[in-house]
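Participant: After the structure tokens below, expect a handful of questions from me.
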Amino acid sequence: MEFRRHHAETVFFLSVILLVTVIAYGPLVGGVWEAGARTTQALNAFVLLGVAFWDAFRSAARAHSFKPAINTHGLLLFGLSCLALAAASFTLVWPLAVLGLCLNVGALLSFCFGRKGTITFYPALAGFGAMVALLILVPQLDEWLRLLAGRVSAGILPNLGIRADMVVEADPFQVILVAEKGAGVFNVATECNGFGILLSSVVLALIIALRRRASLAGVILKVGAAAIIGLAFNVVRIVVITMATLRTEFRYGLIHEGLGTGVYLLALATVYAVSLIDSPSSSHRGRVAPCTDPGA
């Protein structure tokens, strides 16, 4: 009888925490989902995170039984989450709200799998936090990314035999590539700013680096390299689509979607390969088991 009452109290407490999470972070999650729906290829980052969380769940379930219970580790994470959210509300520093959301989710996982079981979710949680933070930045980064992509593409195309100029219009803001004196006019729209490739590249690199237990310097290096790779491949995407449109007779829709998807996949493959390279600072430690190893 005592066990049943204790179990009922635990379930009730966890339900309260879950309800608090939904109410407190609902607007943030809703805004992120809306931003993701407007961002081309952002859905792919959600898929990457889904795979990461599912893999972490399988590893945690094998090594640690699913037994909901209140523990000091989860309470600490939940308390820190409340502090981060309160600080974000008073200071309007949105990264604190993102941190609070990740800590809150970590607390719920700790109550389900214990402190050691939660460790397997850290890479996925970090990737989730990075995705949320980047999606919040979409409105601020859009114009800068479009200008960067347009300017670099316009500089590369003449070296490939295609004369190109970039035209910027202020109201509404537009970045337009004019190729071959008007034979091809390409609007570098928000969907072409490269944010989707950048987002997926950063999330993938961060998850892999943390799973391989890279040093802090190694994580920063690999995430930075992934960001550069993502931006570079977006330029490659624009250049390839422009050349194929001017030099072939294929329909533009087929070129845009087919070549665009191919370049995106190639970018992720490159990020994956680079992320597997061990940094010099960690090579002397030898190979270590990933976080999802049940024996870790």
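The values are calculated or read from the model by the stated rules, or taken from the named source; none is laboratory data. Bear in mind the structure is a predicted one, so any value in this text is a computation, not a measurement. Reconstructed Cβ throughout: ideal geometry from the backbone, glycine too, with neighbour counts over all protein chains shown.
Participant: Only one residue in Ala52, Ala45 is closer than 22 Å to Ala133 by Cα, in a helix (DSSP H, G or I) and modelled with pLDDT under 85, so which one is that?
Facilitator: Numbers: Ala52 fails: modelled with pLDDT under 85.
After ruling out the rest, the residue left standing is Ala45.
Participant: Could you grab me the full set of residues in the range 151-194 that are in a loop (DSSP other than H, G, I, E, B), out of contact with any Gly (no Cβ under 7 Å at 6 or more places or on another chain) and of a type outside the set (Phe, Trp, Tyr)?
Facilitator: Gly161, Ile162, Arg163, Ala170, Asp171, Pro172, Ala183, Ala189, Asn193
Participant: I would also like to ask the following. From the list Leu108, Leu147, pick out the single residue that is in the same structural domain as Ile241 (by TED's automatic domain parsing) and within 23 Å of the chain's Cα centre (by Cα).
Facilitator: Just a single option satisfies the conditions, and that option is Leu147.
Participant: Could you tell me which residue of the range 115-142 is surrounded by the fewest Cβ atoms within 10 Å (Cβ to Cβ), considering only residues that are of a type outside the set (Gly, Ala, Ser) and touching a Cys at 6+ places or on another chain (Cβ under 7 Å)? Quick ask: steps written out before the conclusion?
Facilitator: Keep residues of the range 115-142 that are of a type outside the set (Gly, Ala, Ser), which gives 115-116, 118-123, 125, 128, 131-132, 134-142.
Restricting the remaining residues to those that are touching a Cys at 6+ places or on another chain (Cβ under 7 Å) gives 119-120, 122-123, 125, 128.
Details: Ile119: 21, Thr120: 27, Tyr122: 17, Pro123: 24, Leu125: 22, Phe128: 24.
If we take residues in the range 115-142 being of a type outside the set (Gly, Ala, Ser) and touching a Cys at 6+ places or on another chain (Cβ under 7 Å), then Tyr122 is surrounded by the fewest Cβ atoms within 10 Å (Cβ to Cβ).
Participant: Take the range 55-84 and flag every residue that is of a type in the set (A, V, I, L, M) and at pLDDT 85 or above.
Facilitator: Correct list: Ala56, Leu75, Leu76, Leu77, Leu80, Leu83, Ala84.
Participant: If you go through the range 17-32 one residue at a time, do you hit one that is surrounded by 18 or more Cβ atoms within 10 Å (Cβ to Cβ), more than 25 Å from Pro139 (Cα to Cα) and modelled with pLDDT of 80 or more?
Facilitator: No, there is no match, as no residue in the range 17-32 is surrounded by 18 or more Cβ atoms within 10 Å (Cβ to Cβ), more than 25 Å from Pro139 (Cα to Cα) and modelled with pLDDT of 80 or more.
Participant: Return yes when Ser153 is of a type in the set (Gly, Ala, Ser) and either outside the structural domain of Glu257 (by TED's automatic domain parsing) or within 13 Å of the chain's Cα centre (by Cα) (or both) and no when it is not.
Facilitator: In short, no.
Participant: Of the residues Phe111, Phe66, Phe128, which single one is outside any helix (DSSP H, G or I) and touching a residue at least 12 places away in the same chain (Cβ under 8 Å)?
Facilitator: Phe66
Participant: Quick one: in the range 194-222, of everything that is buried (at least 22 other Cβ atoms within 10 Å of the Cβ) and β-branched (Val, Ile, Thr), which residue is farthest from Val132 (Cα to Cα)?
Facilitator: Residue satisfying both the conditions and the ranking: Ile208.
Participant: Restricting the first residue to the range 203-217 and requiring it to be within 16 Å of Ile229 (Cα to Cα), which pairs with a second residue that is not in a helix (DSSP H, G or I) meet a Cβ separation below 8 Å and a spacing of at least six or different chains?
Facilitator: Every condition considered, the pairs that remain are Ile208/Leu276.
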